[in-house]
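Nothing in this text is a laboratory measurement; each read-out follows from the coordinates by a stated rule. Bear in mind the structure is a predicted one, so any value in this text is a computation, not a measurement. Note: ideal-geometry Cβ built from the backbone for every residue, glycine included; neighbour counts use all protein chains shown.
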Amino acid sequence: MGAPRLTGPQPVPEQAVAVHTATHSQALIHAGDSRRADAAFFYAMLACGCSVLALVGLIVYELITKSSLSWHAFGWKFFFRSDWDPVNDQFGALPFVYGTIVSSILALLIAVPLAVGVAVYITEMAPRWLRGSLAFTTELLAAIPSVIYGLWAIFVLVPLLRQYLQPWLAKYLGWTGLFEGPPYGIGMLAAGIILAVMVVPIVSSITREVMTAVPQQQREAVLALGATRWEMIRTGVLRNARAGIMGGVILGLGRALGETMAVTMVIGNRPEIAKSLFAPGYTMASVIANEFSEATGDLYLSALVEVGLALFLVTIIVNIVAQLLVWTVTRGTPARSHA
Amino acid sequence: MPEKTMLPADFSDAPISLWRRGLNFLVSAAAIGAVVVVLMPLGAVFGYLIYKGIGSINWAFLTQIPKPPGEAGGGMANAIAGSVYILLIASSMGVPLGIGAGIYLSEYGRGTRFGNLIRFTADVLNGVPSIIVGIVAYGLVVLTQGHFSALAGGVALAIMMVPTITRTTEEMLLLVPQAVREAAYGLGVSRWRTTLSITLRTATSGVITGVMLAFARVAGETAPLLFTAFGNQYWNWKLEQPTAALSLQIFTYAISPFDEWHRQAWAGALILIVLIVTSVGAVRLVANRGMLKGAN
C-alpha cells in the first residue's frame, strides 16, 4: 500500500495545477497526516541547511587543528622564510606565497583586458543572433577541467613558448629583467598564461552581467548627446558598471589563487623566488598537490596544512569582497561615479 | 511616431571629428580582437583533444586496465569506472543534502537572518579551492580509516557539490508562484506534502539542471582526489580501497616520461570532456524547455 503518490503527467499546464491536485486531493490530505510529519520534515530540511554551516565549520576546524604543530613551531615567520627543507624540518612558505601572487597577477593582467573586451563586444556590439552562442562558447571555457588545460599546456603551449614567444620576449624585452634566463617553456610565464585562459570566462560573464544591469536609458541618453558608440560604452556603461567589473576581476583573482592542477603541471615546481618570469616557481596550491600524499613526518604535513589554511583564508576574503562589489551593481543601485 | 520636422534640431549629419571616429573604430576592432584571442585557446584545446585523442580510443582502451610503464597497449577501463563510482558516491551524499538545504532556504528561511547566514555560507563554500576540500576529506576520512579510499574521494566531491545544488534548488523553488502552494494548502494538503509533491515537483527540471551543473563541475576535478581516492592501477569496487579516476589517470600519464602514456592521456581527456560537455548540453536542453513546466 504505502503513501499514495502523485503520478500525473509531468508538465503541469496552467490552471491544471488546481484541477490536477483536486482529483488527488483526497489522497494528499490523508497522506500528510498531522503536524508531526510537518515538524519532522522541517527539522530534516533544517538539518540539511545546517550541514552547509557544518561543512564550512569543519573545514576551518580541520585546517586549524592540523596546522597547529607548524604554527607553534614557526609562528608568523612561517610566511616570511624562504627555506623549504623537509629533510631538516625547516619550513618557510614565502616562495609559495610569492609564486601564487605573481602567477595570479600575471593571469589577471592578461585576462582582464580580454575578458572586458569580450563582454563589451557581446553586450554592446555583436548582432543579436550572435550574442547567445558567443556567450555560451566563452562560458564553455569554464567547463573544461583544470587537468585538461594542464595536459594541453604541457604538450602545446609550453613548446610554443619555448620556440617562439620566449626567445622573442628575451630579445626585445630582456632588458627589463623579467624575461631573461634559459627559455625552458615551463615556468611562471606558462602558469600565468594558462591561468589567464581559465579566468577569462569568469571575469567576462560577471562583466556581462553587470553591463546588462546598466539601464538602457543611460545608453540612449549618451547616444542622444551625439556620442560615438565607444564614448557611449565608456561613459554610459563601463563607468556605471565599474564596481561590478572590479568584483568580477576579484572573483577571477579568487579562482586564480586556488587553481591547482594546470598550474602544477606547468610552473616547474621549484621553491625559489626569481625575478625572471621564465624561471620555474611554485604556488601554495601546487605544493599541497605535489607533496601532501608523500609528506613524511608530522611537522611536514602540518606545514602543508598551514599553507592550505592561509590559502583558504585569502580566497574566502577575496570572494566575499568580490560578491559585495557585484551586488552593489546588480542590486539596482549602480555605483555612480562623480569623476 | 513623431515626424522628423517635429524634432527640435537635427544633428544627424553633423560631422564627428576624425579622432573620435578613429578611436571608435580602434576600440571596436580591439573588442573583436579580444573575442578572437579568447576563442583561440578554446578551439585549440578541443582541436587537439580530438586530433590526439580520437586515434587512441579503441576497444582495448575502453576495456583494459593499464599496462606497466613502457609497455604498449592497456587502457583506462578501471579509471572510467572509478570516476563513475566516485561520482555516484558523491551524488548519493551531495544531492540530497544540497536539495534539502535549498528547500530549507526557499520554504522556511526566506528573509530570515538564519536563512541569510546559510545562503552566505553556501557562497563561501562555493569559493573554497578544491585542493583545500581534499585536505579536509583527507583529515575526515583517510586519517580515520587509515588509508586512501573511494569513500574519501566521494566525500570530497560531495562537499563541492552541495553549495551549487543548494543555490540552484533555492532559486528554482523561489520561481514557483506562491499561489500554487496556497492552492495546495487550501485543499488541506499538509506543508511537507505540498513542498515535495507540488513545489519541488513543479520545479523538477530546474532542480535537475542544478544537479547536472554540479555534476559537470566536479566530474573533472583532480586536486581533491589526489590524496583521497589516490588512484589505482587495478580494478576496485570496495568503498574503503584506493580507486582510480579518469582525471587522476590523465594527470599521472601527462607528467610521465612515456610517449605511450601521453597518447593515452589525450584519449582519457577526450572521454572526460565528452562526458562533461554531454551533461552541460543536457542542461541546456532541459533549460531551454523552460525552468518551470507550465506553472506560471
Next item on the list: Within the range B:156-178, which residues have the backbone N less than 16 Å from the label spot 7 Å out from B:Leu143 along Cα→beta-carbon, could you tell me?
Entry: B:156
Notebook entry, point to check: Comparing A:Val56, A:Val112, A:Val97, which has the greatest mean-square fluctuation in the GNM of chain A with Cα pairs linked when under 10 Å apart?
Noted result: A:Val56
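Efficiency by 1/(1 + (r/R0)^6): what FRET value for A:Val156 and A:Thr296, r their Cβ-Cβ distance, R0 = 30 Å, to the nearest 0.05?
On the way: r = 36 Å, r/R0 = 1.19.
Computed FRET efficiency for A:Val156 and A:Thr296 comes out at 0.25.
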Notebook entry, point to check: Mind listing the phi-derived Karplus ³J(HN,Hα) values for the range B:252-261, rounded to whole Hz, using 6.51, -1.76 and 1.60 with θ = phi - 60°, and x for any glycine or proline?
Noted result: 4, 5, 5, 8, 7, x, 9, 4, 4, 6
Next item on the list: Would you grab the residues whose amide H sits under 5 Å from the one on A:Trp84? Only those 5+ places off in sequence or on another chain, please, with H modelled 1.01 Å from N.
Entry: A:Gly92
Note to self: What aspartates and glutamates does B:Lys67 reach when the alpha-carbon gap must be under 20 Å and sequence neighbours fewer than 8 apart in one chain are set aside?
What the structure shows: B:Asp259, B:Glu260
Next item on the list: Please turn the phi angles of the range B:186-196 into ³J(HN,Hα) values with the Karplus equation 6.51 cos²θ - 1.76 cosθ + 1.60 (θ = phi - 60°), one per residue in order, whole Hz, x for glycine and proline.
Entry: x, 8, x, 6, 6, 5, 5, 5, 4, 4, 6
Next item on the list: Highest first, please rank the peptides A:199-205, A:237-243 by the mean number of other Cβ atoms sitting within 10 Å of their residues.
Entry: A:199-205, A:237-243
Next item on the list: Read phi for every residue in the range A:255-271 and hand back ³J(HN,Hα) as whole Hz from Karplus 6.51 cos²θ - 1.76 cosθ + 1.60, θ = phi - 60°, with x for Gly and Pro.
Entry: 5, 5, 4, x, 5, 10, 5, 4, 5, 4, 6, 10, 7, x, 6, 10, x
Margin query: Taking each residue in A:134-140, count the Cβ atoms of any other chain within 10 Å of its Cβ, then average. What number comes out?
Written below: 3
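Would you mind classifying the protein assembly as shown by shape? Square roots of the alpha carbon gyration tensor eigenvalues, ordered a ≥ b ≥ c; an a/c under 1.5 is rounded, otherwise it is prolate if a/b is larger than b/c and oblate if not. Please report the intermediate quantities before stating the final value.
Working: a/c = 1.64, a/b = 1.06, b/c = 1.55.
It comes out oblate by the Cα gyration axes.
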Checklist line | Pairwise centroid distance, computed over Cα atoms, of the range A:263-326 with the range A:217-236, Å | finding: 44
Next item on the list: With springs connecting C-alpha atoms under 10 Å apart, model chain A as a Gaussian network and identify which of A:Glu209, A:Glu306, A:Glu291 has the largest mean-square fluctuation.
Entry: A:Glu291
Notebook entry, point to check: Taking the simple approach of a point 7 Å from Cα along Cα-to-Cβ for both B:Gln233 and A:Arg36, what is their distance in nm?
Noted result: 5.9
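What does the structure give for A:58-67 when I average, per residue, the other chain Cβ atoms found within 10 Å of the residue Cβ?
On the way: counts 4, 11, 1, 2, 8, 4, 0, 1, 5, 1.
Across A:58-67, the average partner-chain Cβ count within 10 Å equals 4.
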Margin query: For a quick check, take a GNM of chain B with Cα springs below 10 Å and name the residue from B:Gly154, B:Gly146, B:Gly188 with the largest mean-square fluctuation.
Written below: B:Gly188
Item checked: Theoretical FRET efficiency, 1/(1+(r/R0)^6), r = Cβ-Cβ of A:Val321 and B:Val37, R0 30 Å, to 0.05 -> 0.60
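Please average, across the residues of B:117-128, the number of beta carbons from any other chain that are within 10 Å of each residue's own beta carbon, and give a whole number. Walk me through the numbers on the way to the answer.
Working: counts 3, 7, 2, 5, 8, 5, 4, 9, 6, 1, 13, 10.
Per residue, the average neighbour count from other chains is 6.
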Check: Arranged from highest to lowest average of other beta-carbon atoms within 10 Å per residue, in what order do the peptides A:217-230, B:157-170 appear?
Finding: B:157-170, A:217-230
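Please compute the contact order of chain A in relative form: average sequence separation of alpha-carbon pairs under 8 Å and at least six residues apart, divided by the residue count, as a percent. Mind showing how you got there, number by number?
Numbers: 444 pairs, mean separation 82.4, N = 339.
24 percent.
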